[in-house]
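Q: I have a structure here, written as structure tokens, and I will follow up with some questions on it.
Values in this text are rule-based calculations from the coordinates and carry no lab data. It should be emphasised that the depicted structure is a prediction, and the values quoted were computed from it without experimental measurement. Cβ placement follows ideal geometry from the backbone for every residue including glycine, while neighbour counts extend to all protein chains displayed.
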Amino acid sequence: MPADAEPVISYDDESGVQTMTLEYTNDTGHDISIVTLIDENEDLMSYGFPTDNGSASSSIS
């Protein structure tokens with residue numbers, strides 16, 4: 001992960017869920033997103049890791 005990749009963090013008042021998204025392109029040309037959801041008790045709810053290189057994509061959850 002590049003050192004200059006900056007996460008975007010948002011909070012949903014209604015659900016109490018925090019979402020952190022980190023997007024970057026690695027050195028092989030794959031667009032990568034890491035999405036992490038945390039509940040109001042700061043417990044991990046889910047973690048997603050989709051990638052796409054323009055001709056193929058994959059996702060890990």
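Q: Which order do the peptides 16-22, 38-44, 2-8 take when ranked by the mean count of other beta-carbon atoms within 10 Å per residue, highest first?
A: The densest-packed peptide leads the list: 16-22, 38-44, 2-8.
Q: If you don't mind, another one. What fraction, in whole percent, of alpha-carbon pairs in the chain exceed 12 Å separation?
A: Counting every Cα pair in the chain, those more than 12 Å apart make up 68 percent.
Q: What residues have an amide H closer than 5 Å to that of Val17, excluding those fewer than 5 places away on the same chain, when H is modeled at 1.01 Å from N in the peptide plane?
A: Residues meeting the criterion, in which the H sits 1.01 Å from N, are Asp12.
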